[in-house]
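The values are calculated or read from the model by the stated rules, or taken from the named source; none is laboratory data. The structure displayed is predicted, hence computed values, not measured ones. When we count neighbours, we look across all protein chains shown, and the Cβ atoms used for this are built from the backbone with ideal geometry, even at glycine.
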Amino acid sequence: MASNQSMDENATFGRIRRVRQRSPSFVARSLRRSIALSLTRHVYTRTHRLLNCGARSFDFRPKLKDDGTLVMHHGAVEVDHPMSDAFEEIMTWAKSKPNAEDLVHLDIWDCENQDSTGTCSDALLNLVSEKNLTVIECDELNGGITVGDIMSQTELEQGGGHIMVTFGCVQMNYNSSISCSDFGSGVDAERSTSFRRRTGLAYTCYADSSTKDVPLSRMWNYVNRTVIEGPPSDGQLYSIQILWQEDAASIAIGEAHGSSLLNDESRSNLNNLTAERIANGIIPVDRINLIEINNVCDGGSNIINAIRKKRAEM
């Protein structure tokens, strides 16, 4: 499912949990795009739109180019925008945001490639040091560190805002079966794609589809299981991916409907349904850590408002 929408439409919501003083935040999956078999388009747009839509944490996956420039990637797909520029954009935005709820989190992992001058990891460490950003080690998140501690350690050199860097400290809770569309009744989820395709039936998550309850039920069951399991024992941050995943079947059906991962979100109204479930207490805010969503500027503000309202009631 190819998409020509810009990267800043992909984002997620969440908050830091493994600290004594808890603070809501958005998580942005900066590199997540719709991938349609061999048709892929990753377009970078300034991060300020993600931030203005409520994003507060970014999933950065660096790639070192042959010329020594650090850019970003998602798997084999390169986002040809200097990571240094992306950091500067975030730092510029954060300077005027001193409150704890505007703490920006950068989780960086999956560093790819090396050149004759050094490895991707070397280039990344040099960049973080050059920008004078503070790294919080994964072990510290399970060692009693508080939001107050993090705020005092991560203030930008120029004053104002706060940026916290971690290196792969998020348990993703990825589940490939949570797709918007597939073949079969949904009961056949564990069977092969070829078997389900032979049934001749397809279901979709779209709001006007008579079969939407199949993928939505699977989504909410996944959310409930992840919430019940709670944080990992090693103290890492953890996410709930309330977004539609993709596989060969969902891509084929999505393309037949002229859709994409971002359009799947808007056509299913998933972000607003998530906000409703938070507002109604079905998704408990005292049990969530990072919530990842696609298309943050479509309903993302409703999610953050619902979380803030529920937390004010606690």
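Taking each residue of segment 263-292 that is assigned to a helix (DSSP H, G or I) and looking for partners that are among the acidic types (D, E) and surrounded by fewer than 18 Cβ atoms within 10 Å (Cβ to Cβ) with beta-carbon atoms closer than 9 Å, six or more apart or interchain, yields R267/D208. The condition of being of a type in the set (F, W, Y), under 21 Å from L237 (Cα atoms) and at pLDDT 85 or above holds for only one of Y174, Y203, that being Y174. Quickly run through segment 202-228 and pick out the residues that are within 14 Å of G184 (Cα to Cα), without any contact (Cβ under 8 Å) to a residue 24 or more places away in the chain and charged (D, E, K, R). Scanning segment 202-228 gives a single hit, D213.
Scan segment 53-104 for residues that are within 18 Å of G168 (Cα to Cα) and surrounded by fewer than 17 Cβ atoms within 10 Å (Cβ to Cβ) and the total you get is 1. Taken together, the residues in segment 126-160 that are touching a strand residue (DSSP E or B) at 6+ places or on another chain (Cβ under 7 Å) and in contact (Cβ under 8 Å) with a residue 60 or more places away in the chain amount to 5.
Listed here are the strands (runs of 3 or more DSSP E) enclosed by segment 57-103 that have at least 1 residues being of a type in the set (D, E): 57-60, 77-79. Residues that are part of a loop (DSSP other than H, G, I, E, B), crowded, with 16+ Cβ neighbours inside 10 Å and polar (S, T, N, Q) within segment 143-174 comprise just one, N173. All of S250, S239, S259 fail the test of being crowded, with 23+ Cβ neighbours inside 10 Å, of a type in the set (S, T, N, Q) and part of a strand (DSSP E or B), apart from S239.
Here the condition is being β-branched (V, I, T), surrounded by 13 or more Cβ atoms within 10 Å (Cβ to Cβ) and at pLDDT below 95; of V187, V214, it holds for V214 alone.
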